[in-house]
Each structure stands twice: as C-alpha cells, then as structure tokens.
Amino acid sequence: MFRERSVRIAAWISCSFLALFTVVPVLWIVATAFKTAAEINAWPPTFLPSAPTWANFDEIIYHTEFPRYILNTILVSTVSTVCIMITSSIAGFVFAKYKFPFRGLIFMVLLASATIPLEAYMIPVYIMVFKLKMLNTFAALILPLTIMTFGVFFMRQVIMGIPDELLEAARIDGASEFWIYLRIILNLSKNGLMAIGVFAFTQAWANFMWPLVVVSTGDMYTTELGLAVYQRAFYTEYGPIAAGAVISIVPMLIVFVALRRHIMAGIATSGMKG
Amino acid sequence: MAGVSIRKVVKVYEGKFQAVKAIDLEVAEDEFVVLVGPSGCGKSTTLRMVAGLEEISAGEIWIGDKLVNDVLPRERDIAMVFQNYALYPHMSVYDNMAFGLQQRKYPREEIQKRVQHAAGILDITALLDRKPKALSGGQRQRVAMGRAIVRNPKVFLFDEPLSNLDAKLRVQMRTEIKKLHQTIATTTLYVTHDQVEAMTLADRVVVMNAGRIEQVGAPQELYHHPATRFVAGFIGSPAMNFLPVDLYDDGGLKLRLADGIVLPVPAARVDRYGPYKGKAMTLGLRPENLTEIHDVERPGVTRIEAPIDVVEPMGSEILLHFFIDGKPLCARIAPDCVVTHGERFALAADLNQMHLIDDESGRVV
C-alpha cells in the first residue's frame, strides 16, 4: 500500500515537472507576444507583460506578408494531410489485409526508409523538383509530403485489428474491394486515421527545411519561413516573431482539441499504446 | 436451390502443409450437412473453399450445375454465418441485413419487405434500429442469420456459429437453427467441433480428421455403426470406452483384458470376429452399455467389478469413472443408485453393443 502510494506520488511529481518543462516555453512565447519591445529586452526579465499590448499582432498582421504565409501554410498542410490520410489508409489496408509475394520484404524496406533523414536525400529530390521546373510552386511544397511512412505503418497496425470476417462477409455479400475500403475500412479505422491526420498536419505546418530549399520568392513562403525572415542579421524583432508564433500555433491547437478524442482512441487501437 | 459437390478437393498451404486431402462429398439439395471434427481437421478450410474465401489447390467444387473453382464469392450465390457474427459495427441491424441486397441493387421496397420478413422469422423486428454493440450474443447471432436469410441464397454456410455463446443459449439457438431449416429448406453446410451440435442438427454428419473424411452418415448411423476408431471415440458424450484385448478361442471366442478379465463374445458376433483371432484388437463400449447390474441377466451381458474413482451425479443419470488395465473408463448408471468414491462397484457390460477395432487398420470390424 505504502509502496504503491509512494510510486504514485513520484509519478505525479515527475509528470508535473515534465509538463511544466514543456509548457513554460509556450507560455513564455504567448506572454512575450503581448509585451512591448522595451519590456522584452528589459533586465531582469518579466514573465507576465506589465502593460499587455496588441501592437505585435498589429505589426505582423497589417504591416507584413504574414497573413499570406499563413494561407500558404494552411493550403500546403491541408492538401498534404488529405493526401497522407488517403495514401496511409490505402497502403495500410493493402499491407494489413492482402497476401502477395514479398509483402514482408516490401514492408521492411518501407519501414527502413523512415530511418533516413530528409537531409540525406534532400539534394536529389531538389534536383528532381528543379528539373521538373517546379521550384517556387505549391506542388514542390506538397509532393514530398503526400506519403508518410509512419502513417502507413500506423494504419497497418490499426487495420490489422479489424476482423477478417467483416471483409469476408462483405465479399460474400457482393461488395467490391474498393467499396470495402470506403465503407468498412475507413469507417472502422477513422480514429487511427484522425490521429495520422493530426500528425501529418503538424508535420506539414511546422516544416521549415524543405520550404527553405524549394521556395525563394516571398509570395510562396510558409509561416516558418516567414518567421525566420524577421530574424534580421543585426536585430531580432522578438515581439512580432512571438505574435507570429502564437498565431501559427492556433490552427494546430484547434485541430488537436477538435480531434483529441479520436487521437487517443486511434493510438489505443493501433496496438502502439504504451 | 442447388446441391454442393466437392470432388477430390485438396488444400495445400504455402506448398507444404496439406490441410485438406482429396475429399469427396455430395450434399443434396435442401440437405443439412454438418462437418465435424477436432481443431485443425480441415472442416473450416473446406467450408471456406466452398464459400470462395480460400483458393482450391486441386479438385473441383460445384454449386448446382456450376463449377465454382474460379468464381468470386459474391457470384456463388451463397450466404455465410461466421463464428464472431461479422456484423458491421457502424451499421444498424437493418442496414446489416439489407447490405447484401443493396449491393445487388435490389429495389428499396423489396429490400424492406425481405428484411422485415426475415426479422419476423427470427423475432428481431424490435432490434432493427439498434447497432450490433447494443445486442446480446444471441441477438447478434440472429441478426447474422437474418443477413443470410434475406439473400435467399442457394446455399447457407455456417462456420461454428454457436461457439461464442454460453451453453444455455447455444442449446436454444441450436433449436432455432433447426427450426429455421425446417421453415426455409435450403442446402446447408454447417461446421462445428461440437459433436452434440452435429448430431442434433444434421441430416447427415461428415466426420473429418487430419484433412480426411473419416465417415459420412446419418447421426444415428454414426453413433451405432462407427466405421473407425476415431469416429467411435469422437461421436458420443461421454466418449466411448476403449480397452486393448486379446481375441482367442478356447472352445468359444473370448476377449481377454490385460489384467486377466475374460469376456465371452456374444454368439451373434462370433462369425464376424472369428477371422481376427490372434490380432491386436481394441474393445469399444459406450458408457450406456456399462450399467448397474439388473435383476435379470441377459445373454451377452457380463459382470465386471472395479473401484470407483469419481462419481458424477448428473440428475438424470450418474456417471462413474474408474480404471481397468490402467485405462480410464466411464459407466452410466441410474440416478437412484448409491455409489461412493473408492467403493468397489459391480457393473454389467452389455457386449451385445460392443465394437471391436482392428488396431492395425483402425477400422471397426
């Protein structure tokens, strides 16, 4: 009894500490977005703004191209998310429910590809995009983000949990394979699919390196690139950057809050729950 | 309606394991045939090959006058009821039942009529708006059967449909399936590992073992005239007792058990068993042929005595478990007998009902 209680207290303390460790920088950014330039640079630093101001938001929304960057990012992230949800669920369905030669080997190769960092193959992909004359286009920003190896793996795990008998019953009842995917697989794996959607959206939204490589004109910037622009060589405008960061967090926060239930349920059904 | 013909059908998995070994089976139109056998005997594989869910490695399967080896499941005009019901959890009971008809583009009115009719037969009309998760096991199984009925298929396939139900519900659903077949006579192939289910439901039972058909016959025929030791041991509950015996002739044909007990062969069996003198044989005797001693002794009934190991009062009878020759045996006695654990109890062995098995071939003589 005593041991159980002490373990629980230790777990509570460590979890609280980790949560605090994660949340404090976010709170700091939010607080900074409402501070004046003088207060931001003041010593000793303050945590809460002494005279909260919307000036930084005003600056970044009305006096920069930042709204355009947000729209670009929304477009790229949404299209990428939809593509990843489609490719992950179809590939996951195929790997989970169909037997074909070298299935295990192909899946292993696919998984192995997830271990190669973007930086390792960025140059050849850049050359491909360049040769296809796609630099500074949405296609260049989106194409590498249409398939997610982790998504395929995750959806395979989720779909493997759907009993084969349901698919067999549908086949006997006269359903085609595409219909089975559309009406049975998607319906029964929607929680997992939502979880992958959130991961995909977050990945696309926070992507910095790839847009930096394929985009050079301001009208195609994403929020991450836009925020980097404000880090000038000799003077960093912390206020507008913090305001921009706060604005850019909002869509992700909305997506997460809206789909939180599905994400938890999806992870639980994937067999990946800790 | 149509019969099913399985001709020299083989199923080999991954080029090695032979799950079904060249079986032949003819199922007549409207007949109820049960495939029964232990786990891994190939009964479900056979059913799935008929359904088109497993490819056939060799042989032919005919449904009616159509060879269906390469026909897709949806084009075979069959309906299947699965062990775990296989109801679509996101659809209502109505949609589950209507699904097959919708896929075949039936008019809405016709679908509604058929679903209502099937729901009426199965007494699930009140459940049509519910989702499967709001149903009990028995109700789910009824919906699964309803889904099969509405299609009015040529053949019904049942793959251990009662295995997930508790004992009481299983008995109830068993009766309902039988009643259903009497109402809607359709060719039916039913797979189970439960021999009681097989005996009570089937017009004919197919006993399978290790990928082969051991015997096909009416339930009573299998029970009273098993062809092999496997069938003799598999059909009947409690199972048939087996004892190794020597068959010898010292002026009369006799069976000698290892511990010296001698049992005379009934006169009616002498001619049949005579040629097997001196061969290694096994005596098979059902528990109901080992009973308490009655006042009047009949010819062919021999008295044996053994210390009782376990007494199982069943209400309508008492089962006694004991050992002879180190082999476990079971006797079935009247419920009013008084027996206690450890007591030496005299039993009447009715050898008129005995089976003699040739150990070499495994066949009942």
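The values are calculated or read from the model by the stated rules, or taken from the named source; none is laboratory data. These numbers were taken from a predicted model, which means no experiment stands behind them. As a convention, Cβ positions derive from the backbone with ideal geometry for all residues, glycine included, and neighbour counts pool all protein chains shown.
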Looking only at the stretch A:206-232, and only at residues there that are modelled with pLDDT under 90 and of a type in the set (Ser, Thr, Tyr), the one that is farthest from A:Pro144 (Cα to Cα): A:Tyr230
Of all residues in the stretch B:151-162 being surrounded by fewer than 23 Cβ atoms within 10 Å (Cβ to Cβ) and touching a helix residue (DSSP H, G or I) at 6+ places or on another chain (Cβ under 8 Å), the one that is nearest to the other protein chains (Cβ to nearest Cβ): B:Glu160
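Could you please find all residues in the stretch A:173-184 being facing chain B (nearest Cβ under 7 Å) and not in a loop (DSSP other than H, G, I, E, B)? Before the answer, list the steps.
Looking only at the stretch A:173-184, we keep the residues that are facing chain B (nearest Cβ under 7 Å), and these are A:173-175, A:184.
Correct list: A:Asp173, A:Ile184.
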Sole exception among (1) assigned to a helix (DSSP H, G or I); (2) within 14 Å of chain B (Cβ to nearest Cβ); (3) closer than 30 Å to B:Val71 by Cα for A:Leu193, by number: (3)
Residue match in the stretch A:199-214 (condition: among the hydroxyl-bearing types (Ser, Thr, Tyr), out of contact with any Pro (no Cβ under 6 Å at 6 or more places or on another chain), assigned by TED's automatic domain parsing to the domain that holds A:Ser77 and not in a helix (DSSP H, G or I)): no
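Residue-wise test of (1) under 18 Å from A:Ile249 (Cα atoms); (2) touching a residue at least 60 places away in the same chain (Cβ under 8 Å).
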position	(1), (2)
A:Arg5	no, no
A:Ile13	no, no
A:Phe17	no, no
A:Val23	yes, no
A:Val30	yes, yes
A:Ala38	no, no
A:Trp43	no, no
A:Phe47	no, no
Number of the exception - A:Phe47 against (1) part of a loop (DSSP other than H, G, I, E, B); (2) surrounded by 19 or more Cβ atoms within 10 Å (Cβ to Cβ): (2)
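Please determine, by comparing only the residues of the stretch B:9-57 that are within 14 Å of another protein chain (Cβ to nearest Cβ) and among the hydroxyl-bearing types (Ser, Thr, Tyr), which one is nearest to B:Gln195 (Cα to Cα). Please lay out each step first, then the result.
Of the stretch B:9-57, the ones within 14 Å of another protein chain (Cβ to nearest Cβ) are B:13-15, B:44-45, B:47-55.
Now restrict to residues that are among the hydroxyl-bearing types (Ser, Thr, Tyr): B:13, B:44-45.
Details: B:Tyr13: 27, B:Ser44: 15, B:Thr45: 18 Å.
Per the stated criteria, the residue is B:Ser44.
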Failed criterion for B:Gly236 (all others in (1) closer than 25 Å to B:Val155 by Cα; (2) out of contact with any strand residue (DSSP E or B) (no Cβ under 9 Å at 6 or more places or on another chain); (3) in contact (Cβ under 8 Å) with a residue 12 or more places away in the chain hold): (1)
Checking A:Asp219 against (1) out of contact with any Lys or Arg (no Cβ under 8 Å at 6 or more places or on another chain); (2) surrounded by fewer than 17 Cβ atoms within 10 Å (Cβ to Cβ), the condition it does not meet: (1)
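Is one or more of the residues making up the stretch B:79-93 touching a strand residue (DSSP E or B) at 6+ places or on another chain (Cβ under 7 Å), over 22 Å from B:Thr186 (Cβ atoms) and within 14 Å of chain A (Cβ to nearest Cβ)? Write out each step before concluding.
Within the stretch B:79-93, the first condition is being touching a strand residue (DSSP E or B) at 6+ places or on another chain (Cβ under 7 Å), and the residues that meet it are B:79-83.
Retained after the next criterion (residues that are over 22 Å from B:Thr186 (Cβ atoms)): none.
No, the conditions are met nowhere in the stretch B:79-93.
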